[in-house]
Structures are given as C-alpha cells and as structure tokens.
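These notes concern the structure reproduced below.
Laboratory data are not the source of any read-out in this text; all were calculated from the coordinates shown. Everything numeric here is computed off the predicted structure, so don't read it as measured data. Positions of Cβ are backbone-derived with ideal geometry, glycine not excepted, and every protein chain shown enters the neighbour counts.
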Amino acid sequence: MFDVEKSVSAIIDRMKKLRESKKMSQLELSLASGVSQTMISQIESRQRTPTLATFLKLCDALDVAPEILLGNALKDDEERRKDKEKALSIIEKWM
C-alpha cells in the first residue's frame, strides 16, 4: 500500500537537500518563492505539509521540475499500476 506520509517526508527531504546544495538559506528561498520563511521552516521540520501551490512555488524558486522532487513517489505509483495490470491479466486468464 502507498504510504503517503513516508512519500511526503521523502519529497521534503529532497527539497531541503536541494536547497542546501544550492547554498540557499530558508530566507533566500522565501524571498525567491514568496513563501514565508516560517512556512519553509515548518515544512522542513514536518510541522506542516505544503499545498500543491506552495510546492510548485518552491520548485520554481529552486529551479527544479516538480517530478524530480517527487522522485520515488511517482516511481512507486507506476510500479503499483503495473502490478495491478499484471494481477488483472492473471485474473482474466482464470475466468
């Protein structure tokens, strides 16, 4: 089963690591994105989950495509879809 909290946590980890690799402070990211520094701090410390709009603003400010930060969450979803298709194929053969 898809673990939403685990996936969100992994996405936030990737976002924070990217910010740090670009040597951006939370304040600099705030200024570039229009998202408050407090909100960024709360997101990175798992006190809040970003909305889609906030996530997209942060991606834009970090100059990264959203799908890059989504990473394994998209991969996991694709693998589940393939597994479901395989299961349905097997069930159809039994019928």
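Below is a table of values for the structure above.
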{"quantity": "Spacing of the two label points (7 Å from each Cα toward its C-beta) at residue 60 and residue 48, in nm", "calculated": "1.8 nm"}
{"quantity": "For region 8-55, Kirkwood radius (reciprocal of mean inverse C-alpha pair distance, Å)", "calculated": "10.7 Å"}
{"quantity": "Difference of contour (0.36 nm per residue) and Cα-Cα distance, residue 82 to residue 37", "calculated": "12.2 nm"}
